[in-house]
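The structure appears right after this line, and notes come after that.
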Amino acid sequence: MASANKQQKRAKRAKAKAKQLRVSRTKPAAVTFDLPEYDDPYFLDALQDEFAEPPRDFLSLFYEMQNAEEETGRIDMMVTMLGLLLAMTNEQPELLDSENAESEAMAAQRLAENTLIAYRRWVDDIDQEAAEHWLHSPEVQADFETARASFKEVLKILWDLEDAPE
């Protein structure tokens, strides 16, 4: 068994590799999901550790999203939001308004869109209409689809799923 110091170094390298993969997905026109196989057992642990401590409220979520957007861009911010919303809804299922949606997937989609609108209002100090216009712009919609696809791939890897839920 490797020493604790060596394990820490491996974990740090794996976390850096996971971040590098996320950053490389910030180009929406050239997105491919041919992910290589990883022999390093610390790689998946590093991905899981990123979402280990979910925020308890939306303000904390917004700060996480802002950090991700400033560090690596809008797509990473959206992937971070999706992961943290998944963790938040797991602990607080009432966040999903399943009663007013046709399916749980639709409720999750609405939650993500409403979160993005509220985040944009918070970060840019704009009104509801401007935030909705931002969300529905073609480039933001393309980034959101790329983020959803990236997040779905991460779920497939983490939980060894054949087909991750929408």
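Out of all the residues in the stretch 136-157, which are of a type outside the set (Lys, Arg) and within 18 Å of Leu61 (Cα to Cα)?
Phe144, Ala147, Phe151
Can you name the residue in the stretch 91-124 that is of a type in the set (D, E, K, R) and under 19 Å from Gly73 (Cα atoms) and, of all such residues, is surrounded by the fewest Cβ atoms within 10 Å (Cβ to Cβ)?
To start, the set of residues in the stretch 91-124 that are of a type in the set (D, E, K, R) comprises 91, 94, 97, 99, 102, 104, 110, 113, 120-121, 124.
Checking which are under 19 Å from Gly73 (Cα atoms) leaves us with 113, 120-121, 124.
Details: Glu113: 14, Arg120: 21, Arg121: 17, Asp124: 11.
Restricting to residues being of a type in the set (D, E, K, R) and under 19 Å from Gly73 (Cα atoms), the top hit is Asp124.
Name the pairs whose Cβ atoms lie under 8 Å apart, with the first residue in the stretch 101-124 and among the basic types (Lys, Arg), the second buried (at least 18 other Cβ atoms within 10 Å of the Cβ) and in a helix (DSSP H, G or I), and 6 or more positions between them or separate chains?
These pairs meet every condition: Arg120/Ala131; Arg121/Ala131.
Coordinate-derived values only; no laboratory data. Note that the coordinates shown come from a computational prediction; the quantities given were computed from them, not determined experimentally. Glycine gets a Cβ as well: all are built from the backbone with ideal geometry, and neighbour counts include every protein chain shown.
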